[in-house]
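Q: Sending over a structure as structure tokens; questions will come in a sec.
The values are calculated or read from the model by the stated rules, or taken from the named source; none is laboratory data. Everything numeric here is computed off the predicted structure, so don't read it as measured data. Here the Cβ positions follow ideal geometry from the backbone for every residue, glycine too, while neighbour counts run over all protein chains shown.
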Amino acid sequence: MESDEDYQIVISGWQVYIPELGLNLHEGIYCNYDEEEGGYLPDFAITVVKEEGQDEWLYFEQDGFLITLANYLHGKTDLDLGQLGQLSCFIRMPDGSLPAEE
């Protein structure tokens, strides 16, 4: 997904789509470059927020889907954590996988 000399972010093709917000949530791994190994090594898991139809990420953090979404939306919506957890969502799989489920 994103890379520079010091780090690389790799995200899963699986995503959770939240129609009411027009957002997709992805699991990802933040990798740091290790000079001794000569490559990127996984450091910690992250959740990545992307706008529907966009390739660029809006926000990421080292937390689960609901907390990351709440932190990203802080001050942008009146929905509280409980309300966010009740929004309708769909799991989308990479192309060639089974159809999405509600």
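Q: Among the numbered criteria (1) under 18 Å from the mean Cα position of the chain (by Cα); (2) surrounded by 13 or more Cβ atoms within 10 Å (Cβ to Cβ); (3) part of a strand (DSSP E or B), which single criterion is violated by Tyr33?
A: Condition (1) is where Tyr33 drops out.
Q: Something else about it: Among the residues of the stretch 31-64, write down those that are within 14 Å of Leu21 (Cα to Cα) and in contact with a strand residue (DSSP E or B) (Cβ under 7 Å, 6 or more places away or on another chain).
A: Val49, Lys50, Glu51, Glu52, Leu58
Q: What number of residues in the stretch 43-56 are under 17 Å from Gly13 (Cα atoms), assigned to a strand (DSSP E or B) and over 8 Å from the mean Cα position of the chain (by Cα)? Break it down stepwise before answering.
A: In the first step, residues of the stretch 43-56 are kept if they are under 17 Å from Gly13 (Cα atoms); the result is 45-56.
When the remaining residues are screened for being assigned to a strand (DSSP E or B), the result is 45-51.
Adding the requirement that they be over 8 Å from the mean Cα position of the chain (by Cα) leaves 45, 51.
Within the stretch 43-56, residues that are under 17 Å from Gly13 (Cα atoms), assigned to a strand (DSSP E or B) and over 8 Å from the mean Cα position of the chain (by Cα) number 2.
Q: Would it be correct to say that Tyr40 is modelled with pLDDT under 95, more than 26 Å from Asp95 (Cα to Cα) and surrounded by 16 or more Cβ atoms within 10 Å (Cβ to Cβ)? Steps first, please.
A: Values: modelled with pLDDT under 95: yes; more than 26 Å from Asp95 (Cα to Cα): yes; surrounded by 16 or more Cβ atoms within 10 Å (Cβ to Cβ): yes.
Yes, satisfied.
Q: I'm trying to understand the selection: among the residues of the stretch 19-40, which are under 24 Å from Leu84 (Cα atoms), of a type in the set (Asp, Glu) and touching a Leu at 6+ places or on another chain (Cβ under 8 Å)?
A: Answer for the stretch 19-40, where residues must be under 24 Å from Leu84 (Cα atoms), of a type in the set (Asp, Glu) and touching a Leu at 6+ places or on another chain (Cβ under 8 Å): just Glu20.
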